[in-house]
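*Asks:* Questions regarding the structure given below will be posed in turn.
The values are calculated or read from the model by the stated rules, or taken from the named source; none is laboratory data. These figures come from a predicted structure and were not determined experimentally. Neighbour counts are summed over all protein chains in view; Cβ atoms, including those assigned to glycine, are modelled from backbone coordinates with ideal geometry.
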Amino acid sequence: MIKHVVLLLLAGCALVAAAPAAAQSAQEYDCLIEARQSVDVRSSVEGIIDKLYVQRGEKVKKRQLIATLSSGPERAALDLARSRAAMVGELRSAEARVDLAKKKWLRAEELEKKNFVSVNARDEAQAEYRLALEQLRAATENRRLAQLDVKRAEEVLAQRSIRSPVNGVVVEVMLRPGDLMSSNQKDPIMKLVEVDPLNVELVLPVSQYGRIKVGQRAVVFPEEPVGGKHAARVEIVDPVVDAASGTFGVRLRLPNPGARIPAGIKCRVRF
């Protein structure tokens, strides 16, 4: 609401001086440079904050580790799951039983053909072989389940590591090591803002509607002490005109490598 009022005031100044400005140069309009987005970093699970790896003012990259929660039980569960997944005794034993039962079954078939053993003895040997196959299948499935338990434990442990969702800058750290992070906590762990690219917000008189199009190039002139001129492109043109002020909103995308331009400063735009 405050931002909209500021932009309308800037637009009002631009409308009052529209004629002189047009005479002085290709029309320029007042604007405001803002962060691309502001992000409250929270944890998806409850826990005690163990470590913070960044502080206020530091730049962070997307997926960078910025905080961890205490994770003793989760690490122990992962170690246990990995130990179970590495066990092969049950599987090797089942494979050996299958090999032995198969040999007994084949031998019983040969002997039954020569009338040295009964048909019943041959059938029993065949049943033992089938049972051994089922036991091998069960052992294989248990091994697969153990491997899935490892993946699950890894995912649970990964939730204790908080990573940056964007390339940005830390603007405020709200919680400290030892604080509890919970789903109903009011304060986030920290706040980040994305500053590359930046948003350039401005309002234009309705007379310019239809002349400004998405993708159109523009030059942005930040106020001093930043100064200079910077290339930008139109990203959004509001499809609705404000009847009271006779203006409509426009957003530009302003690349900001190295975060040389700070967010929150005034500027001028020339199309």
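Per-residue answers, yes or no, for (1) closer than 30 Å to Ala76 by Cα; (2) loosely packed, with under 15 Cβ neighbours inside 10 Å; (3) of a type in the set (Lys, Arg):
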site	(1), (2), (3)
Val88	yes, yes, no
Ala96	no, yes, no
Trp105	no, no, no
Glu110	no, yes, no
Thr140	yes, yes, no
Lys151	yes, yes, yes
Ala158	yes, yes, no
Val166	no, no, no
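*Asks:* Take the conditions touching a residue at least 24 places away in the same chain (Cβ under 8 Å), closer than 30 Å to Asn256 by Cα and among the acidic types (Asp, Glu) and apply them to Asp50. Does it pass?
*Replies:* Details: touching a residue at least 24 places away in the same chain (Cβ under 8 Å): yes; closer than 30 Å to Asn256 by Cα: no; among the acidic types (Asp, Glu): yes.
Considered against the rule, which asks whether it is touching a residue at least 24 places away in the same chain (Cβ under 8 Å), closer than 30 Å to Asn256 by Cα and among the acidic types (Asp, Glu), Asp50 comes out as no.
*Asks:* Still on this model: Go through segment 113-151 and report how many residues are within 17 Å of Val88 (Cα to Cα) and either in contact (Cβ under 8 Å) with a residue 12 or more places away in the chain or outside the structural domain of Gly89 (by TED's automatic domain parsing) (or both).
*Replies:* Total meeting the criteria: 13.
*Asks:* From the residues in segment 69-108 that are touching an Asp or Glu at 6+ places or on another chain (Cβ under 9 Å) and of a type in the set (S, T, N, Q), which one is nearest to Lys51 (Cα to Cα)?
*Replies:* Ser70
*Asks:* Here is a check on your reading of the model: is Ser182 within 30 Å of Arg42 (Cα to Cα), out of contact with any helix residue (DSSP H, G or I) (no Cβ under 6 Å at 6 or more places or on another chain) and among the small types (Gly, Ala, Ser)? Working first, answer last.
*Replies:* On the way: within 30 Å of Arg42 (Cα to Cα): yes; out of contact with any helix residue (DSSP H, G or I) (no Cβ under 6 Å at 6 or more places or on another chain): yes; among the small types (Gly, Ala, Ser): yes.
Yes; evaluated as a whole, the condition is true for this residue.
*Asks:* Select from segment 114-136 the residues that are in contact with a helix residue (DSSP H, G or I) (Cβ under 9 Å, 6 or more places away or on another chain) and basic (Lys, Arg) and write down the one among them that is nearest to Glu155 (Cα to Cα).
*Replies:* Arg130
*Asks:* Related question: Going through Glu224, Glu201 one at a time, which residue ends up being touching a residue at least 60 places away in the same chain (Cβ under 8 Å) and either out of contact with any His (no Cβ under 7 Å at 6 or more places or on another chain) or in a loop (DSSP other than H, G, I, E, B) (or both)? Steps first, answer last, please.
*Replies:* Values: Glu224 fails: touching a residue at least 60 places away in the same chain (Cβ under 8 Å).
Result of the check over Glu224, Glu201: Glu201.
*Asks:* A further question follows. With closer than 30 Å to Ala263 by Cβ, acidic (Asp, Glu) and in contact (Cβ under 8 Å) with a residue 12 or more places away in the chain as the only criterion, which of Glu172, Glu154 stands out? Show your work before the answer.
*Replies:* On the way: Glu154 fails: closer than 30 Å to Ala263 by Cβ.
Being closer than 30 Å to Ala263 by Cβ, acidic (Asp, Glu) and in contact (Cβ under 8 Å) with a residue 12 or more places away in the chain holds for just one of Glu172, Glu154, which is Glu172.
*Asks:* Give the residue that is nearest to Arg63 (Cα to Cα), with candidates limited to residues of segment 152-187 that are assigned to a helix (DSSP H, G or I) and of a type in the set (A, V, I, L, M).
*Replies:* Taking segment 152-187 first, the residues assigned to a helix (DSSP H, G or I) are 152-158.
Next cut, of a type in the set (A, V, I, L, M) only: 153, 156-158.
On the way: Ala153: 20, Val156: 17, Leu157: 16, Ala158: 12 Å.
Only one residue fits best here, namely Ala158.
*Asks:* Something else now. Examine segment 241-249 for a residue that is buried (at least 16 other Cβ atoms within 10 Å of the Cβ) and touching a Ser or Thr at 6+ places or on another chain (Cβ under 8 Å), and state whether such a residue exists.
*Replies:* No: zero hits.
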